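Read-outs: derived from the displayed coordinates by stated rules, not from any lab. This is a predicted model, so every value here is computed, not measured. Here Cβ is always computed from backbone atoms with ideal geometry, including for glycine, and neighbour counts include all displayed protein chains.
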Amino acid sequence: MQLLTYHSFYLVGIKGVAMTALAQCLLDAGKEVKGSDVFEEFVTEKILRRRQVQIDFSFETKLPAECDCVIYTAAHQGVDNPQVVQAQARSLPIFSHAQALGELFNQKKGVAVCGVGGKSTTSAMVTWILEKTGAQPSFAVGVGNIPGLDKTGKWLETSEHFVAEADEYAANPSGITRGETLIPRFAYLEPLVTICTNLQFDHPDVYRDFEHTQATYLTFFNQLKPAGELVINGDDPVLVSLTQRLQTQRPDLKITSFGRSTTAQAYLQKYESAAGKTISTFTFGGQTYTLELQIPGQFNVLNALAAILACRTMGVSITEACRVLKEFRSTMRRVEFVGEKNGVKYYDDYAHHPHEVKQVIKAFREWFPDTKLVVAFQSHTYSRTKSFFPEFISAFGEANEVVMIPIFPSAREAFDPSVTSQMLCQGIEKEFPLIKAQTFDSINDLVRYLKQTLKPGSVCLTVGAGDIYHLHEQL
């Protein structure tokens, strides 16, 4: 099917970050775009308002008469959404978001970024490098904003490359409950270059175990086009082992690694991080380069190495990539500086897997070694919280204080009283007696507490994939 043969699109769940990126691509292609979503405010609101996209705040709304194509998100019941059912009754063409993205991505030399943690930032870095060096890529990055680009999705007919996040989550999760075969979202992508930032077990609601996840990633790596390139985190032993298996199946592929270990082809030599600046040196091909970033964390330096290596394949020199990354200011909800008020610095991050949570707290401890660090956390989904309960507890070891609000549930799961934020806080205080940890019933309650207790000179970091970022609007 050719997505761009249709003219009037209706996107069900349009305010999701991935759907908003896709909407911008369709608008750039000269298409009419409308959609629906819940009334709740999303980080994508400003972009959609700027592009004058009409949004219906009910999934029961009748589809426009002129609509000739419907795209649905994995959330909001997937194919069982009432508006998708309407589309079926009208025999309209229907695409999942993953299918629609694949239709655009596969028309170009695709750069796909996968992994648990770092997908959005690395995708944004690749996009930034290509944009700032004049390559004019098409792209779809699932974030609320990329400062300095002011859009998260772009389509140019003349683009040579398309940069996108490659997500292993199910394209239609509701089908799994009916016994249908799992189709990962990235199954529809055929990249020329794939970056894998790391490999972790995530999404226990759709994957049986880590082995199941690994097998899925191996299948995706095999989707690389002939003579394509896979850029991997060489510090990840599971990923390295998986890549060795891949090489026996696809000897035509080029494998390039980055990491801290000298066994990686691009390896980190020196890393220094202090408030406001991160300076590193790395070696590749016998030459040493200096990389300066405005964002904290060794994990972000590794994300940058991955982006630099991928862009090198597309003709951008390492020196040029390092030069333009110096001005990169991250993305919305990724180590984002929200502002300073009454002497307190406020930051926000989307981390929701325990590995990510631990890394982002470590990064801020490096930036602010002698500062009180208060972490406000909202866990995302009951299934993830329960599956990684001990790992979540240990992730907060470098915080001075932890405050939480109730778990943010997925629209795809039922309430589970057997796991709560209060249990997490109790576990943290037991494992780390010097850390005060407590939970609040709502964002409003948490805001009142922070206003009363935060002192000048401290840092408050909100963490989580739910709506905890709204906290900053009330402080």
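Among K151/K436; K386/K451; K119/K277; K358/K430; K326/K436; K362/K455, which pairs are too far apart, with a Cα-Cα distance over 29 Å?
K151/K436; K386/K451; K326/K436
About its Cα centre, how strong a charge dipole does the chain have in debye, to the nearest 20, once Lys and Arg get +1 and Asp and Glu get -1 at the Cβ?
Dipole about the Cα centre, nearest 20: 820 debye.
Can you find, among V240, T319, I14, the residue sitting farthest towards the positive end of the charge dipole of the chain, where Lys and Arg contribute +1 and Asp and Glu -1 at Cβ?
T319
With +1 on each Lys and Arg Cβ and -1 on each Asp and Glu Cβ, how big is the dipole of the stretch 3-99 about its Cα centre, in debye rounded to the nearest 20? The partial results should precede the final answer.
Values: 9 positive and 11 negative charges, 46 e Å.
Once rounded to the nearest 20, the dipole reads 220 debye.
How big is the antiparallel share of DSSP beta bridges in the chain, given as a percent to the nearest 5?
Percentage antiparallel, nearest 5: 30.
Test of the criteria: in the stretch 64-142, which GluC sites (Glu not before Pro) are in a DSSP loop and have at most 11 other Cβ atoms within 10 angstrom of their Cβ? Could you put the intermediate results ahead of the total?
Details: sites: E66, E103, E131; in loops: E66.
For GluC sites (Glu not before Pro) across the stretch 64-142 that sit outside H, G, I, E and B with at most 11 neighbouring Cβ atoms in 10 Å, the list reads E66.
Add +1 for every Lys or Arg and -1 for every Asp or Glu among the other residues with Cβ under 13 Å from the Cβ of Y382, and state the total.
0
Taking amide H positions as placed in the peptide plane 1.01 Å from N, state which residues far from K341 in sequence (5 or more) or on other chains have amide H under 5 Å from it.
Residues meeting the amide H criterion: Y346.
Work out from phi, with θ = phi - 60° and the Karplus expression 6.51 cos²θ - 1.76 cosθ + 1.60, the ³J(HN,Hα) of each residue of the stretch 303-313, listed in order in whole Hz, and give x for Gly and Pro.
Karplus-based 3J(HN,Hα) across the stretch 303-313 equals 4, 5, 4, 4, 5, 4, 5, 5, 5, 4, 4 Hz.
Please list, in chain and number order, the residues 5+ apart from A266 or on another chain whose amide H is under 5 Å from its amide H, with Hs placed from the backbone.
For A266, the qualifying residues are S257, F258, G259.
Going 7 Å from the Cα of H470 along its beta-carbon direction, which residues of the stretch 437-461 have the amide nitrogen within less than 15 Å of the resulting point?
Zone members listed by number: 441-448.
For the chain, what relative contact order do you get, as a whole percent, if you take Cα pairs closer than 8 Å and at least 6 residues apart?
That works out to 12 percent.
Among I94, V43, V79, pick out the residue whose Cα is farthest towards the positive end of the charge dipole of the stretch 3-99, where Lys and Arg carry +1 and Asp and Glu carry -1 on C-beta, about the Cα centre.
Looking along the dipole axis, the top candidate is V43.
Grab the Cα-Cα distance for S8 and T281, subtract it from 0.36 nm times how many residues apart they are, and report the gain in nm with one decimal.
93.3 nm is the gain from fully extending S8 to T281.
State the volume of the convex hull built on the alpha-carbon positions of the stretch 122-272, expressed per residue in Å³ and rounded to an integer.
Hull volume normalised by residue count: 156 Å³.
In deg cm²/dmol and to the nearest 500, what is the mean residue ellipticity at 222 nm of the chain if only DSSP H runs of at least 4 residues count, each as -39500 (n - 2.57), divided by the residue total?
On the way: 16 runs with 154 residues, N = 475.
Computed ellipticity for the chain at 222 nm equals -9500 deg cm²/dmol.
Can you tally the net charge around R260? Count Lys and Arg as +1, Asp and Glu as -1, for every other residue whose Cβ sits under 12 Å from the Cβ of R260.
Net charge in that neighbourhood comes out at -1.
Compute the orientation-averaged projected area for the stretch 336-474 from the convex hull of its Cα atoms and round it to one decimal in nm².
Spelled out: convex hull of the Cα atoms, projected over all directions, averaged, 7.7 nm².
Read phi for every residue in the stretch 380-397 and hand back ³J(HN,Hα) as whole Hz from Karplus 6.51 cos²θ - 1.76 cosθ + 1.60, θ = phi - 60°, with x for Gly and Pro.
Here the 3J(HN,Hα) series is 10, 6, 5, 5, 5, 4, 5, 5, 10, 4, x, 5, 5, 4, 6, 5, 9, x Hz.
How big is the dipole moment of the stretch 270-415 about its Cα centre under a simple scheme where the beta carbon of each Lys and Arg is +1, that of each Asp and Glu is -1, and everything else is neutral? Debye, nearest 20, please.
160 debye
In vacuo Debye scattering of the stretch 237-357, one point per C-alpha: log10 I(q)/I(0) at q = 0.10, 0.15 Å⁻¹?
-0.38, -0.80
Among V193, A170, Q214, pick out the residue whose Cα is farthest towards the positive end of the charge dipole of the stretch 106-325, where Lys and Arg carry +1 and Asp and Glu carry -1 on C-beta, about the Cα centre.
Of the listed residues, the answer is V193.
Can you give the extra length, in nm with one decimal, that the chain gains between V238 and N222 once fully stretched, where that is 0.36 nm per residue apart less the Cα-Cα distance? Before the final figure, lay out the partial values.
Working: separation 16, 0.36 × 16 = 5.76 nm, distance 1.67 nm.
Contour length minus Cα-Cα distance gives 4.1 nm.
Could you check the simple spin-label distance between R49 and D150, using points 7 Å along Cα→Cβ, in nm with one decimal?
Between R49 and D150, the label points sit 1.6 nm apart.
Obtain the nm distance between the two label points defined at E180 and K372 by a simple spin-label model: each point lies 7 Å from its Cα along the Cα-to-C-beta direction.
So the two model labels end up 5.2 nm from each other.
For a quick check of your reading of the filter: which GluC sites (Glu not before Pro) in the stretch 410-475 sit in a DSSP loop and have no more than 16 other Cβ atoms within 10 Å?
E413
Considering every Cα-Cα pair within the stretch 395-460, what fraction, in whole percent, is farther apart than 13 Å?
For the stretch 395-460, the share of Cα pairs beyond 13 Å comes to 68 percent.
Any idea how far the Cα center of the stretch 205-231 sits from the one of the stretch 5-76, in Å?
Cα centroid of the stretch 205-231 versus Cα centroid of the stretch 5-76: 30 Å apart.
Rg over Rh of the stretch 267-308, using C-alpha atoms and the Kirkwood radius, what does it come to? Spell out each step's value before the answer.
On the way: Rg = 9.7 Å, Rh = 10.3 Å.
On the Cα set of the stretch 267-308, Rg over Rh gives 0.94.
Extending each Cα 7 Å along its Cβ direction at E292 and N106, get the distance between those two points in nm, one decimal.
4.4 nm
Which three extents, in angstrom, do the Cα atoms of the stretch 3-99 have along their principal axes, listed largest first?
33, 28, 24
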